[in-house]
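The values are calculated or read from the model by the stated rules, or taken from the named source; none is laboratory data. Every value quoted in this text rests on a predicted model; they were computed, and no experiment measured them. Here the Cβ positions follow ideal geometry from the backbone for every residue, glycine too, while neighbour counts run over all protein chains shown. The protein model used for the area step is the full one, side chains on, heavy atoms only, and it has no ligands, DNA or RNA in it. Shrake-Rupley method; radii C 1.70, N 1.55, O 1.52, S 1.80 Å.
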Amino acid sequence: MTALVMVLVGVVVVLVALVAVGLAAVMRVVRPLRSDPQGTAQPQVDPGFVAERDRQEQSLAALRDAADEASSVAEEARAKATTARTELAAAKAEANAARAEAKRVLAAAHTEADTILERAHRQAEQDAEQARVTARRTGEREIAMLTATTREQSADAERRQQRLDERERLLAEEAERLAERDRRISAAEAELIERETGLTTRENAIVELEDDRRRELERVSGLTAEVAKTELIDTIESQAKREAALLVRDIETDARNTADQRARHIVVDAIQRVASEQTAESVVSVLHLPTDEMKGRIIGREGRNIRAFESVTGVNLIIDDTPEAVLLSCFDPVRREIGRLTLEKLVLDGRIHPHRIEEVFDLAKHEVERLCLRAAEDALVEVGITDLHPELITLLGRLRYRTSYGQNVLKHLVETAHIAGIMASELRLDAPVIKRCAFLHDIGKALTHEVEGSHALIGADLARKYGEAEEVVHAIEAHHNEVPPQTIEAVLTQASDACSGGRPGARRESLEAYVKRLERIEEIAGGKQGVEKVFAMQAGREIRVMVKPDDVDDIAAAVLARDVAKQIEEELTYPGQIRVTVVRESRVTEIAR
């Protein structure tokens, strides 16, 4: 704006200078004319002068026009300069207003920034406080879990220490008894030596007296010593044979009378001394959820979470209309427990996505392996077995989550070992070996989902592979009669297994299966020829078959009992054993008149 004003001012100055020059020229021409205002009239006007004057007048008019135009231009320049000054003042006012507005906006921005910073500080403090509360709660939960784990480990250590102290006390008592026995044996040996010396002296005297008496008897009886000895031996031999025959008959009679009673006493005493709980625990495959909304998070977008879970764990996850619960299904109990623990950890954590599922699965797998190994070690300590192969210990731990008719297999092994040990002690047999046979008899059930065949034969192969004694292997493979039992260890293993599985409350089955089994048992027995009535007694553990005495004799009754028992074994599955009793009763009625 200032440069434009300066240009206009310069143009006006130039125009004014031109006008001044023109006026000066005009004045030089006009001045002679004015010097003689009344001059003599010229008789004749010079045409050149007139032309010059006209020309100058035209120049003067042109100069006046130029002066007027310059004046108008100057006026316009002054107006534009005034306008420019006005615009400059307005621009300065706008600039000042803009500066004021900028200052106001800057102040407002500073105020708003301070407000935002203060709000951000308050929000940060609230978030920090919430984080501290969350961290405190998480720490408290972890401390509680660690405290519980520590207490459990301390209790376990105390129990083991108590067992060790008890063993040390028993060993000390046994050492004292052995020392006392050695002292008594030494005293008895010294006494025996002294008695032997006295007896030797007395024997010498008796020999001399016997010689004198024999010579006197020969003289009186008239018989020689050899002849008298022969007659005496014959008499004593005949008398001893008669007494031995009588003694053998009495012993056999007494054995027949007391054998059954003695066997029942041993079995009942073993069962009473075990004192196990009525119903063993079973594996739970239902997981309870905090809310039904968690089901959607478990399924995931387009089912990706549930597919990842089933692919990683190998467990089928069943989500239905059951409120706040999901069902885990898998034929392998160990895998099902790993899946249940994985899902439980995911629900507690809240973060459920495929990568997190893999991480939690690895943690749950290691935890279940640790729990299985610990359960196997506790069972070994409870039974009293220390020298077992590590692979067998691992397989025993897997039985912690295996059940048979609702009975936990690992607890069944411990119970069977205790029963077998008590029976062996009553019969004065090798209790540790028999307890080992009973404790390992179901070891094959740990691999029944992976190896085809009977668990008895699978367990026998495992025991033979890991260096168990041959009597232990035979007891394992013969406890379900896949191999005929040949040793007392195998027979006692069968008996203790039947006692543990057949006691009331040890195993359970569904009512429908129970009713169908009883009906099938009655159909098997009732379908035989000559059967009149069939009664299932003692919850299906005993079958009494009433036969027609005219159609079935004693030999046929024995054959019928064997056939019914064999068909039940082939067609049915049942815990324990079933006794088949065939009753053949003949009645004769006569009326006295």
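Every residue, every condition in (1) without any contact (Cβ under 8 Å) to a residue 24 or more places away in the chain; (2) under 29 Å from Val21 (Cα atoms); (3) open to solvent by less than 100 Å² (accessible area, probe 1.4 Å); (4) in contact with a helix residue (DSSP H, G or I) (Cβ under 7 Å, 6 or more places away or on another chain), yes or no:
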site	(1), (2), (3), (4)
Asp65	yes, yes, yes, no
Arg78	yes, yes, no, no
Thr83	yes, no, yes, no
Ala89	yes, no, yes, no
Ala93	yes, no, yes, no
Arg104	yes, no, no, no
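Which of the residues belonging to the stretch 392-419 are basic (Lys, Arg) and at pLDDT below 80? Result: Arg402, single match.
Identify all residues within the stretch 295-315 that are touching a strand residue (DSSP E or B) at 6+ places or on another chain (Cβ under 8 Å) and either open to solvent by 80 Å² or more (accessible area, probe 1.4 Å) or under 19 Å from Leu363 (Cα atoms) (or both); write none if there are none. Of everything in the stretch 295-315, those that are touching a strand residue (DSSP E or B) at 6+ places or on another chain (Cβ under 8 Å) and either open to solvent by 80 Å² or more (accessible area, probe 1.4 Å) or under 19 Å from Leu363 (Cα atoms) (or both) turn out to be Ile298, Ile306, Phe309, Glu310, Val315. Scanning the stretch 338-356 for residues that are more than 15 Å from Met294 (Cα to Cα) and of a type in the set (A, V, I, L, M) turns up Ile338, Leu341. May I ask you to verify whether Ile422 is of a type in the set (Val, Ile, Thr), at pLDDT 85 or above, under 14 Å from Leu492 (Cβ atoms) and over 17 Å from the mean Cα position of the chain (by Cα)? Spelling it out, Ile422 is indeed of a type in the set (Val, Ile, Thr), at pLDDT 85 or above, under 14 Å from Leu492 (Cβ atoms) and over 17 Å from the mean Cα position of the chain (by Cα). Among the residues of the stretch 563-582, the one identified as open to solvent by 50 Å² or more (accessible area, probe 1.4 Å) and touching a strand residue (DSSP E or B) at 6+ places or on another chain (Cβ under 8 Å) is Arg579. Scanning the stretch 312-333 for residues that are of a type in the set (A, V, I, L, M), in contact with a helix residue (DSSP H, G or I) (Cβ under 9 Å, 6 or more places away or on another chain) and over 15 Å from Gly296 (Cβ atoms) yields Val312, Val315, Leu328. Every condition in (1) surrounded by fewer than 10 Cβ atoms within 10 Å (Cβ to Cβ); (2) in contact (Cβ under 8 Å) with a residue 24 or more places away in the chain holds for Arg160 except the one numbered (1).
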